[in-house]
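Everything below concerns the one structure shown next.
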Amino acid sequence: MSERVFEGAATVRQLPQRGMITVRGDMTDLAKAVKVPAQGTVAGNVAWMSPDELLVMCPHEEVGAQIDALRAKLIGTHHLVEDVSDARAIFEISDGETLAKLCPVDVARMEPGRFRRTRLAQIACAFWKKEDGSFELVCFSSVADYAWGVLSNAAATPVAHFSG
Amino acid sequence: MLILSCPNCGELKDETELSAGGEAHLTRFGPGSSDSDFEGYLFNRENPKGVHFERWRCSSGCGKWFHAARCTATNEVFGTYSAQVTEPPQEIRDVVSAKRPGWTWRDLS
């Protein structure tokens, strides 16, 4: 997991590996173990992925303990709790305009806390807006170099006629 | 460009985020069916100019299937609805009837 920074019109930063846990099951069951965020949002360290899937994020060294705790709370329900940290790459993008060039999403209208699964050029990704207006984006680690390439290319130059 | 609202995740999805799943509401004819029924299930598809019902998958998104009703001539979207039905729900048919009076599609109208 290579950490790297690109400084252009916007800044793209590949962040160090983060603990990520996929939690799947009926949402009413999952609510016993985690605080379920509203549809299409991220709240605290939990993101809403689909009607039966949540993504729980934590420091990488805490993944094992988190998984044990989640599984203990979900005993007796039909569920899946799995460590997907190694399957994911995570990026921080300082400006939504960079994402607007690459994703078919109305990034300008995203509120902080909004979580959107979409495509980044040709690969699947998910990103969300943080309180400070920057974005974090996750994609599969197998395509991390591709994501890095398109993100840093898009971040290199500003889009003058859309700014402001 | 076609933009569909996924009824599973509530997002407005661009066509390029979705995978087309072909015609909706096919009845499967499998082992034991007649040759003509099986052939129809495999090969006979509507190709309408106008109202059409299709399956789509939110592939760059929540990953779930859903149904969409749209007009193939204008790309107007009448609505999207759950994948877990065998025919369009009444509210979708009402919307289509209001916008395309006299529409027919297979044995629906």
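Values in this text are rule-based calculations from the coordinates and carry no lab data. Note that the coordinates shown come from a computational prediction; the quantities given were computed from them, not determined experimentally. Counting neighbours? That spans all protein chains shown, and the Cβs are built from the backbone with ideal geometry, glycine included.
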What list of ³J(HN,Hα) values in whole Hz, one per residue of segment A:101-110 in order, does the Karplus curve 6.51 cos²θ - 1.76 cosθ + 1.60 (θ = phi - 60°) give from phi, with Gly and Pro shown as x? 6, 10, 10, x, 9, 7, 4, 4, 9, 6
Shielding by partners for B:85-95, please: the mean number of other protein chain Cβ atoms within 10 Å of each residue's Cβ. 0
Add +1 for every Lys or Arg and -1 for every Asp or Glu among the other residues with Cβ under 14 Å from the Cβ of A:ASP106, and state the total. +1
Just to confirm my understanding: which cysteines in chain A have no other cysteine beta carbon less than 4.7 Å from their beta carbon? A:CYS58, A:CYS103
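From the Cα gyration tensor of segment B:3-99, with a ≥ b ≥ c the square roots of its eigenvalues, which class applies: rounded if a/c is under 1.5, or else prolate if a/b is larger than b/c, or else oblate?
Working: a/c = 1.93, a/b = 1.45, b/c = 1.33.
Prolate is the answer for segment B:3-99, as a/c is 1.5 or above and a/b outweighs b/c.
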Got a sec? Charge dipole of chain B, +1 on Cβ for Lys and Arg, -1 for Asp and Glu; which of B:CYS6, B:ALA20, B:VAL85 is way out at the positive end? B:CYS6
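In peptide B:3-13, what is the residue-averaged number of other protein chain Cβ atoms found within 10 Å of each Cβ?
Details: counts 1, 0, 0, 1, 1, 4, 8, 3, 6, 3, 4.
If you average over the peptide's residues, the count of other-chain Cβ atoms is 3.
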Which of the aspartates and glutamates could a cross-linker span from A:LYS32 if the Cα-Cα distance has to be under 16 Å and same-chain partners fewer than 8 positions apart are dropped? A:ASP52, A:GLU53, A:ASP68
Residue-wise, which Karplus ³J(HN,Hα) couplings in Hz belong to segment B:102-109, taking 6.51 cos²θ - 1.76 cosθ + 1.60, θ = phi - 60°, and x for glycine or proline? x, 5, 9, 7, 6, 9, 9, 7
Which of A:VAL84, A:VAL56, A:VAL34 sits farthest toward the positive end of the charge dipole of segment A:19-86, with +1 on the Cβ of Lys and Arg and -1 on the Cβ of Asp and Glu? A:VAL34
³J(HN,Hα) across segment A:131-136 via Karplus (A = 6.51, B = -1.76, C = 1.60, θ = phi - 60°), whole Hz, x for Gly/Pro? 4, 7, x, 8, 10, 10
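Let me spell out the model: positive unit charges on the Cβ of Lys and Arg, negative unit charges on the Cβ of Asp and Glu, origin at the Cα centre of chain B. What dipole size does that give, in debye rounded to 20?
Numbers: 12 positive and 15 negative charges, 30 e Å.
Using only the charged Cβ atoms, the result is roughly 140 debye.
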Which of the residue pairs A:LYS129/B:LYS49; A:LYS129/B:LYS99; B:LYS13/B:LYS99; A:LYS101/B:LYS49 have a Cα-Cα distance greater than 30 Å in the structure shown? A:LYS129/B:LYS49; A:LYS129/B:LYS99; A:LYS101/B:LYS49
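Within 10 Å, count the other beta carbons around each residue, average over each peptide in B:1-11, B:53-63, and list them highest first. Show your work: numbers first, answer last.
Numbers: B:1-11: 16.5, B:53-63: 20.5.
By packing density, highest mean first, the sequence is B:53-63, B:1-11.
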So what is the calculated 222 nm ellipticity per residue for the protein assembly as shown, using -39500 (n - 2.57) for each DSSP H run with n of 4 or more, over all residues, to the nearest 500 deg cm²/dmol? -5500 deg cm²/dmol
